[in-house]
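Below is one structure, written out as structure tokens; the observations come after it.
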Amino acid sequence: VAGVPAAARDVFIDNVARPAVIWGQLAATEAFARRHGHAIAIAHPRPHTLAALEVWLPTLAAKGFALWPLAATVAWRNNLDPARIPT
């Protein structure tokens, strides 16, 4: 809109604040990223979410994932030079 680069989330990790659902959404995040090369996942700073992230985040490198700035995904999805996106 109005020439502003944007990107929408792909996965809402804790729309339902139950551990089993959160873990399912983290798996969905991984699946989406494998299919598309990247994923934008959002969550609330809720106790169950933070507990799951504390366990999940250290496993990502071994699975071949890397975390990077959201600005990089915005640039990728808008075919822009990442240097043009403020961080």
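Just a few scattered comments:
- Residue count, segment 50-77 (criterion: of a type in the set (Val, Ile, Thr) and farther than 20 Å from Val4 by Cα): 2
- Pairing residues of segment 53-72 that are within 10 Å of Ala33 (Cβ to Cβ) and free of Cβ contacts under 8 Å to residues at least 24 places away in the same chain with residues that are outside any loop (DSSP other than H, G, I, E, B) and open to solvent by 90 Å² or more (accessible area, probe 1.4 Å), at Cβ distances under 9 Å and at least 6 apart in sequence or on separate chains, gives Gly64/Arg34.
- Filter result for His38 (in contact with a helix residue (DSSP H, G or I) (Cβ under 9 Å, 6 or more places away or on another chain) and either open to solvent by less than 40 Å² (accessible area, probe 1.4 Å) or of a type in the set (D, E, K, R) (or both)): yes
- Those residues of segment 19-41 which are part of a loop (DSSP other than H, G, I, E, B) and farther than 18 Å from Leu57 by Cα, in sequence order: none
- Failed item, numbered, when His44 is tested on (1) assigned to a loop (DSSP other than H, G, I, E, B); (2) surrounded by 14 or more Cβ atoms within 10 Å (Cβ to Cβ); (3) of a type outside the set (Val, Ile, Thr): (2)
- Those residues of segment 19-35 which are exposed (fewer than 15 other Cβ atoms within 10 Å of the Cβ) and touching a helix residue (DSSP H, G or I) at 6+ places or on another chain (Cβ under 7 Å), in sequence order: Pro19
- Leading residue by the ranking (least open to solvent (accessible area, probe 1.4 Å)) among those in segment 47-87 that are of a type in the set (Val, Ile, Thr) and more than 13 Å from the chain's Cα centre (by Cα): Thr49
The values are calculated or read from the model by the stated rules, or taken from the named source; none is laboratory data. Since the structure is predicted, the reported quantities are computational estimates derived from the model, not experimental observations. Positions of Cβ are backbone-derived with ideal geometry, glycine not excepted, and every protein chain shown enters the neighbour counts. When the accessible area is computed, the model is the full protein with side chains, heavy atoms only, and any ligands, DNA or RNA have been set aside. Shrake-Rupley method; radii C 1.70, N 1.55, O 1.52, S 1.80 Å.
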